[in-house]
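Asker: Dropping a structure here in structure tokens format, bear with me for questions.
The values are calculated or read from the model by the stated rules, or taken from the named source; none is laboratory data. What you see is a predicted model, and the numbers here were worked out from it, not measured in a lab. Cβ placement follows ideal geometry from the backbone for every residue including glycine, while neighbour counts extend to all protein chains displayed. Side chains included, ligands, DNA and RNA excluded: accessible areas come from the protein's heavy atoms. Shrake-Rupley method; radii C 1.70, N 1.55, O 1.52, S 1.80 Å.
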Amino acid sequence: MAYRATALTRKNAEDKRDAFLRAARGLVAADGFRAATVAAIAGRCQASVGSVYSYFDSRDRLLAEVFRSAASHEVDLVRQAVAGSGRDARQRLGELIRIFSGRALHGRRMAWALLFEPVSPVVEAERLVYRRCYTDLGEQIITDGLAGRIFIAPDPRLASSAVMGAISEALVGFIRPDSPEPSPAEQESVIEGIRSFCFRALGTQPVPGGIS
């Protein structure tokens, strides 16, 4: 008689797979993708290395899924903040910069993993999707700002890519794993400096005293 999976066995399999993903994400958040070895993931779940491979074709595929999940969470938070900041393009761009930078400075190890840590080509492909999501969001904001004569930019796509690149590069020295953790006051100063630079690059100023 052929084996047929029951609802319970399927649920148990899904739970075990999710546990491996949670374990991997915890390892990445603590020490980066390099720490998320199959042995470490299995150890956290008190499972065998072979059982991990019964749910994932390879470590790269597992880590790509971890990257996708973590990145989607970050992008969703930024989108929600931008959507809730009103219709003014300056406020929306300000929220994009504030939430992106603030979360990176607060969760430095995960931010480094998502933005800069060397990874396999399979995981790097997910990183390109992650960056494209932010560029798409910034492009829409800048396009709206151009329509309202708020920003100056000949090419909104290029301007968005430049803005996101400036934000990321400005954070490098503060989120490196071997760098000292910035104080809350330093974090605020960094975010304000990034905001000021990006708005000046687009030919305007942040909203004074606003949420941007």
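Asker: Of all residues in the stretch 135-145, which are of a type outside the set (Val, Ile, Thr) and surrounded by 18 or more Cβ atoms within 10 Å (Cβ to Cβ)?
Answerer: Answer for the stretch 135-145, where residues must be of a type outside the set (Val, Ile, Thr) and surrounded by 18 or more Cβ atoms within 10 Å (Cβ to Cβ): LEU137, GLY138, GLU139, GLY145.
A quick yes/no check of all residues on (1) in contact with a helix residue (DSSP H, G or I) (Cβ under 7 Å, 6 or more places away or on another chain); (2) of a type outside the set (Val, Ile, Thr); (3) in contact (Cβ under 8 Å) with a residue 40 or more places away in the chain:
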position	(1), (2), (3)
GLN91	no, yes, yes
GLY102	yes, yes, yes
ALA125	no, yes, yes
GLY145	yes, yes, yes
ILE152	no, no, yes
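Asker: Of (1) more than 23 Å from ARG157 (Cβ to Cβ); (2) open to solvent by 30 Å² or more (accessible area, probe 1.4 Å); (3) modelled with pLDDT of 95 or more, ARG132 satisfies all except one. Which?
Answerer: (1)
Asker: Within the stretch 89-107, which residues are small (Gly, Ala, Ser) and buried (at least 20 other Cβ atoms within 10 Å of the Cβ)?
Answerer: ALA89, GLY94, SER101, ALA104
Asker: Return the residue satisfying two criteria in turn: it lies in the stretch 1-22 and is surrounded by fewer than 16 Cβ atoms within 10 Å (Cβ to Cβ) and among the aliphatic types (A, V, I, L, M), and of such residues it is farthest from ARG108 (Cα to Cα).
Answerer: Top of the filtered list is MET1.
Asker: Identify the single condition in (1) basic (Lys, Arg); (2) touching a helix residue (DSSP H, G or I) at 6+ places or on another chain (Cβ under 7 Å); (3) in contact (Cβ under 8 Å) with a residue 24 or more places away in the chain that ARG44 does not satisfy, given that it satisfies every other one.
Answerer: It fails just one condition, (3).
Asker: Considering the stretch 23-37 alone, what residues qualify as being part of a helix (DSSP H, G or I), without any contact (Cβ under 8 Å) to a residue 60 or more places away in the chain and surrounded by 17 or more Cβ atoms within 10 Å (Cβ to Cβ)?
Answerer: ALA23, ALA24, ARG25, LEU27
Asker: If we keep just the residues of the stretch 60-88 that are open to solvent by 70 Å² or more (accessible area, probe 1.4 Å) and not charged (D, E, K, R), which is nearest to the chain's Cα centre (by Cα)?
Answerer: HIS73
Asker: Of these, ALA70, ALA39, ALA29, ALA64, which one is in contact with a Gly (Cβ under 8 Å, 6 or more places away or on another chain) and under 22 Å from PRO118 (Cβ atoms)?
Answerer: Result: ALA29 is the single residue among ALA70, ALA39, ALA29, ALA64 that is in contact with a Gly (Cβ under 8 Å, 6 or more places away or on another chain) and under 22 Å from PRO118 (Cβ atoms).
Asker: Turning to a different aspect of this structure: Sort out which residues of the stretch 45-64 are charged (D, E, K, R) and under 18 Å from ALA13 (Cβ atoms), and write them in order of number.
Answerer: Of everything in the stretch 45-64, those that are charged (D, E, K, R) and under 18 Å from ALA13 (Cβ atoms) turn out to be ASP57, ARG61.
Asker: Now for a separate question. Here are the criteria: (1) open to solvent by 40 Å² or more (accessible area, probe 1.4 Å); (2) touching a residue at least 12 places away in the same chain (Cβ under 8 Å). Tell me which single one LEU158 does not satisfy.
Answerer: Unmet for LEU158, out of (1) open to solvent by 40 Å² or more (accessible area, probe 1.4 Å); (2) touching a residue at least 12 places away in the same chain (Cβ under 8 Å): (2).
Asker: Condition first: hydroxyl-bearing (Ser, Thr, Tyr) and either more than 28 Å from PRO177 (Cα to Cα) or assigned to a helix (DSSP H, G or I) (or both). Now tell me which residues in the stretch 38-67 satisfy that.
Answerer: SER48, SER51, TYR53, SER54, TYR55
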